[in-house]
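**Q** My questions all concern the structure below.
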Amino acid sequence: MTKTKNPMTFAIIGTGMVGTAIGILLKKAGHLVSALADTSPAHLRRAAARLGKIPTFHDPGKPAAYAACLLITTPDDIIAQACAQAVRGVDMRGKTVFHMSGAGGLDLLESAAQAGAKVACIHPLQSFSTIEGAVQSIPGSYFGVTAGRGAKALASAVVRDLGGIPLVITSGQKPLYHLAACMASNYLVSLMSLVESAYLRVGFSRKDARRAFLPLVYGSLKNIEAHGCAKALTGPIARGDAGTIRKHMQALAEAPPEIASVYAELGRITVKLAMEKGTLKPDQAKTITGLLKGVKK
């Protein structure tokens, strides 16, 4: 990560995992993290231990006086409230307020805009389970950037300083943008939990199940990266192998209903993708779709 040529001061409101990781990356880039705020004493202590001896507050209304940029990394449902508290009674002209919600628009920062601040959202398309993991994975990730008047250049520059790649989107596009991100990350985890449960029913241990299916998952992801979704598709539906689908149907009769439901729904999508790939003939698609309709949900 290269040092910024235009160092700025940042106050961070919300010192959970993401806020702390972003603070670490801002410091690495050469910016100054000048104040922290959080209602959780434990979170404040953890962040301060990583970011140095800087003013810390439980009141989000305190840090704005310490920085040119205010970064709100609270849970989505309290961003608007935290913003309103942060800017109350403060001259925000010349300052910029950011939030990091994936689905939330600039309306969450309306109080800051009314107080004279520029406003923007920078959202990393990445998943985090630890602060250290976030620090490692954020550089190289795409960020959804939604910016108010006069803030786009600065927001994009901050993303680049974090090692990210800015992708400009509008507030209206954000819900669908975030929905797709949730499907790619959260729902993949949910799908893998069903895969694991199926292998447990076969008799595998959890450890052996993961060892068995994860190389398959990694291989599929590499194929998608190299060739795109349609060309990466393999398996019985892509081959038009209705006989194998019938065997799956027999197994589903003994499987939990959530496995059957997901199998059928994804199977129908897979039929369309196989048609797009050109490996599934119309009559084969009709047969397999008919079989999938017989899955009890």
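**Q** Return the total of residues in the range 11-28 being at pLDDT 95 or above, of a type in the set (Val, Ile, Thr), in a helix (DSSP H, G or I) and closer than 17 Å to Pro75 by Cβ.
**A** The total comes to 2.
**Q** Shifting gears a bit: Out of the helices (runs of 4 or more DSSP H) lying entirely within the range 117-201, which hold 1 or more residues that are over 19 Å from Met17 (Cα atoms) and open to solvent by 60 Å² or more (accessible area, probe 1.4 Å)?
**A** Numbers: elements: 131-137, 152-161, 174-184.
Output list reads 152-161, 174-184.
**Q** I'm checking my understanding of the structure. Among residues of the range 247-262 that are farther than 13 Å from Ala198 by Cα and surrounded by 15 or more Cβ atoms within 10 Å (Cβ to Cβ), which one is farthest from the chain's Cα centre (by Cα)?
**A** If we take residues in the range 247-262 being farther than 13 Å from Ala198 by Cα and surrounded by 15 or more Cβ atoms within 10 Å (Cβ to Cβ), then Met249 is farthest from the chain's Cα centre (by Cα).
**Q** With (1) in a loop (DSSP other than H, G, I, E, B); (2) open to solvent by less than 70 Å² (accessible area, probe 1.4 Å); (3) free of Cβ contacts under 8 Å to residues at least 40 places away in the same chain as the list, and Pro60 as the residue in question, which single condition is left unmet?
**A** The number of the failed condition is (3).
**Q** Answer with yes or no whether Leu26 is touching a residue at least 40 places away in the same chain (Cβ under 8 Å) and crowded, with 19+ Cβ neighbours inside 10 Å.
**A** yes
**Q** Name the residue, out of Asp77, Asp91, Asp38, Asp107, that is open to solvent by 10 Å² or more (accessible area, probe 1.4 Å) and more than 25 Å from the chain's Cα centre (by Cα).
**A** Asp91
**Q** Also, quick follow-up: Determine the pairs where a residue that is closer than 10 Å to Ile237 by Cβ, located within the range 268-290, has a partner that is modelled with pLDDT of 95 or more and among the hydroxyl-bearing types (Ser, Thr, Tyr) with Cβ atoms under 7 Å apart, the partner being 6 or more residues away or on another chain.
**A** Correct list of pairs: Arg268/Thr289; Val271/Thr289.
The values are calculated or read from the model by the stated rules, or taken from the named source; none is laboratory data. Predicted model, so just to flag it, every value in this text is computed and none were measured. Reconstructed Cβ throughout: ideal geometry from the backbone, glycine too, with neighbour counts over all protein chains shown. Just so you know, the surface numbers come from the protein's heavy atoms only, side chains and all, with ligands and any DNA or RNA stripped out. Shrake-Rupley method; radii C 1.70, N 1.55, O 1.52, S 1.80 Å.
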